[in-house]
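Everything on this sheet refers to the single structure shown next.
The values are calculated or read from the model by the stated rules, or taken from the named source; none is laboratory data. Given the structure is predicted, the values throughout are model-derived calculations rather than measurements. Positions of Cβ are generated from backbone atoms using ideal geometry, with glycine treated the same way; all protein chains shown enter the neighbour counts.
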Amino acid sequence: MGTADRHRLIGELLRTREAVTVDELMAECGASGATIRRDLEILAANGVLKRVHGGARSLLFKGDNPGYGQRELEDHQGKVRIAAAVDALLQDREHVWLDSGSTATEIARSIGKRQLTVMPMSLHSVDALAGGRPELILHGGRLVPGELSFRGPMAEANVRSLRFDTAVITPCAFNLKDGLLAHDLDDAAVKRAGLESASRVIVAGSGSKWRASALALVAAMDAADVLVTDVEPAPKDLSLLDELSVEVVIA
């Protein structure tokens with residue numbers, strides 16, 4: 001089992017367990033104790049878990065939302081497919097607003113060789129795009145620790161001061177009843193600014209976010225022009241999305 005696969009497995013185990021031991025992980029991953037301990041140190045540094053004597057503890061208690069490091073490990077192959085599908089929808093020389101989050105980071109990796117102008121809303125995406133072909137526009141604002149995403153009035157105002165061909169929104173949850181959702185009000189405000197500043201809106205989200213819930217409303221579902229996801233919605237939902245003129249792309 002490769003390093004990335006071990007990290008994803010450890011992250012998945014700590015989604016359902018409060019703690020795991022090095023011995024348990026050695027059995028699950030088929031790896032040596034030294035390798036597992038090294039993995040735990042890396043994952044602890046990335047905010048996925050808390051390193052304790054003999055193993056690790058989950059950081060997800062009482063339904064807390066997973067941190068960026070945890071989310072980056074989850075649904076990875078689906079995010080890669082979603083990123084490739086979003087890449088295929090973009091035209092060279094477009095001006096693109098790119099949301100924050102682990103799916104957005106994967107999209108940044110996918111479009112790194114494209115001739116685009118991009119405003120990325122997280123340092124994770126900036127890092128993925130730096131040194132590539134896209135021209136970057138940076139906006140300032142308050143930097144959220146861990147997420148390394150930009151929030152606050154400065155970020156929102158700078159987004160609204162520009163006009164984009166396409167906004168790529170990566171909501172925390174989405175469903176037909178409520179629309180596009182975010183876990184906090186500041187994130188929702190920045191997402192809404194990007195959405196309202198673009199001629200076309202692409203919503204990109206894995207199937208795990210479909211029918212999920214979150215606190216803050218970004219916009220109704222009909223604000224989207226295209227929905228890119230890795231799980232095909234039920235026929236009834238596809239019919240409703242068609243009525244809303246939302247194109248569905250299954251990655």
Look at SER197 and say whether it is in the same structural domain as ALA224 (by TED's automatic domain parsing), under 21 Å from GLY47 (Cβ atoms) and polar (S, T, N, Q).
no
Looking at the structure I just gave you, is ARG51 surrounded by fewer than 20 Cβ atoms within 10 Å (Cβ to Cβ) and among the charged types (D, E, K, R)?
yes
Hey, among GLU28, GLU12, which residue is within 23 Å of GLY207 (Cβ to Cβ) and of a type in the set (Asp, Glu)?
GLU12
Quick check on the range 214-229. Is at least one of its residues more than 20 Å from TRP97 (Cβ to Cβ), exposed (fewer than 15 other Cβ atoms within 10 Å of the Cβ) and not hydroxyl-bearing (Ser, Thr, Tyr)?
yes
Failed item in (1) in contact (Cβ under 8 Å) with a residue 40 or more places away in the chain; (2) within 19 Å of the chain's Cα centre (by Cα), with ILE10 passing the rest
(2)
Restricting the search to the range 139-154, which residues are closer than 15 Å to ALA193 by Cα and out of contact with any Gly (no Cβ under 7 Å at 6 or more places or on another chain)?
HIS139, GLY140, SER149, PRO153
Matching residues in the range 14-41 (at pLDDT below 85 and either at positive phi or surrounded by 17 or more Cβ atoms within 10 Å (Cβ to Cβ) (or both)) number 1
Residues (of a type in the set (Val, Ile, Thr) and without any contact (Cβ under 8 Å) to a residue 24 or more places away in the chain) located in the range 13-35
THR16
Given the range 12-116, what helices (runs of 4 or more DSSP H) lie entirely inside it while holding 2 or more residues that are of a type in the set (S, T, N, Q)?
102-110
Restricting the first residue to the range 221-244 and requiring it to be over 28 Å from ALA193 (Cβ atoms), which pairs with a second residue that is among the small types (Gly, Ala, Ser) and modelled with pLDDT under 95 meet a Cβ separation below 6 Å and a spacing of at least six or different chains?
VAL231/GLY207
